[in-house]
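Read through the structure below, which is laid out as structure tokens, and then see the notes.
The values are calculated or read from the model by the stated rules, or taken from the named source; none is laboratory data. All values derive from a computational prediction rather than experimental measurement. FYI the Cβ positions are ideal-geometry reconstructions off the backbone, even for glycines, and counts take in every protein chain you see. What goes into the accessible areas is simple: the full protein's heavy atoms, side chains included, and nothing from ligands, DNA or RNA. Shrake-Rupley method; radii C 1.70, N 1.55, O 1.52, S 1.80 Å.
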Amino acid sequence: MRTCAESLTTYWAKPFGFGPALPRGDISICDQLVLIGSGIGMNLYFAVTAVFFGFFFALALAVMKANARPWLRLPASVFVFVFRGSPLVLQFFFAYALILMLPREAAVTIGAFEFGVPTFRFLSNAWFGALLVLFLNTSAYSAEIFYGALLAVPKGDVEAAKAFGLDPWQRFRRITLPTLLRLAWPSYTNEAIFLFHATTLVFLSAFPALSQMGEALRYVKYFNAQTFNPFIPYPIIAMYFLIASGLIIFLFGRVNMQLNRHQVPGARRRVRYRAQLLR
């Protein structure tokens, strides 16, 4: 039976398509810890990438939705409604079916030679197709959070910025955006955690993973089928998700402290007991 060091050197790159075949028969707890842990890396890839790019797209959607021009407000409102109003699992299956309808190759002719060039083939893989769905989904939910915070920005602050002669971009960058983020950040932290948990749905989607492995829940299912003991792989994946969720909460909490640094009091005074308080 392999040690944890041997399992780590053997299977750490398995989610990326490298390494030997998965263990069969004699499966140690170290094998399960390493493979499920490496699979969590794939979940983090989906979550971090989708949240990072979705943050900027969500801000744009929120500004568009709050705009008075219908040609900006209506597309953003419809987008948010569609992705918030439909289940994420259905979005995965619908996106995969739509991607399969797209041309997989394009014929290119150069002189007397004609050859095919891949076009949308890469989108049918979970690395890109499932990531695209997660990106659009979190953008819609985050846009609604930012939209609500945008409406809650005090009008007096904006009017004061106008009185100081700030142009619209300066008002947004110096007044509206910082206030918006301070108001929206606690709810946005929850959205980031929920999206990280939702990456487990990639396992249930139609998008194939690289080498049919990669996401943590795939390894959990494999070990459960091989050992007939669900009390080892499922607690392991729960432990990894708790650790990763704690890390997300810590990092977003640090950002929240930075956003509210002007409101955070200094060193708190120690409680001092006075005679009249002890009567």
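Here K14 is the anchor, and the aspartates and glutamates within straight C-alpha reach of less than 13 Å, apart from those fewer than 8 places off in the same chain, are D31, E215. In this structure the stretch 140-207 gives 48 Å² per residue of accessible area when probed at 1.4 Å with all protein chains present.
For the chain, modelled as a GNM whose springs connect Cα atoms under 10 angstrom apart, the maximal fluctuation among K155, K14, K221 occurs at K155. Angle of helix 233-259 to the longest C-alpha principal axis of the chain, folded into 0 to 90 degrees and rounded to 10: 30°. Nonpolar atom fraction for the chain, defined as the carbon and sulfur part of the 1.4 Å probe accessible area, stands at 68 percent. Other residues lying with their Cβ under 13 Å from the Cβ of L150 contribute a combined charge of +3, Lys and Arg counting +1, Asp and Glu -1.
Computed from Cα atoms, the angle from the helix 70-85 axis to the main principal axis of the chain rounds to 50 degrees. Using the Cβ-Cβ distance between L132 and A21 with R0 set to 25 Å, the FRET efficiency works out to roughly 0.25.
Taking the structure as given and computing mean projected area of the Cα convex hull in nm², which label from [x] 20.9; [y] 27.0; [z] 15.7 fits? Only one listed value fits the structure, namely [y]. Annotation: extensible slack from A97 through I29 equals 20.7 nm (criterion: 0.36 nm per residue apart, minus Cα-Cα distance). Straight-line reach from K65: taking Cα to Cα under 28 Å and skipping same-chain neighbours fewer than 8 places apart, the lysines in range are K155, K162.
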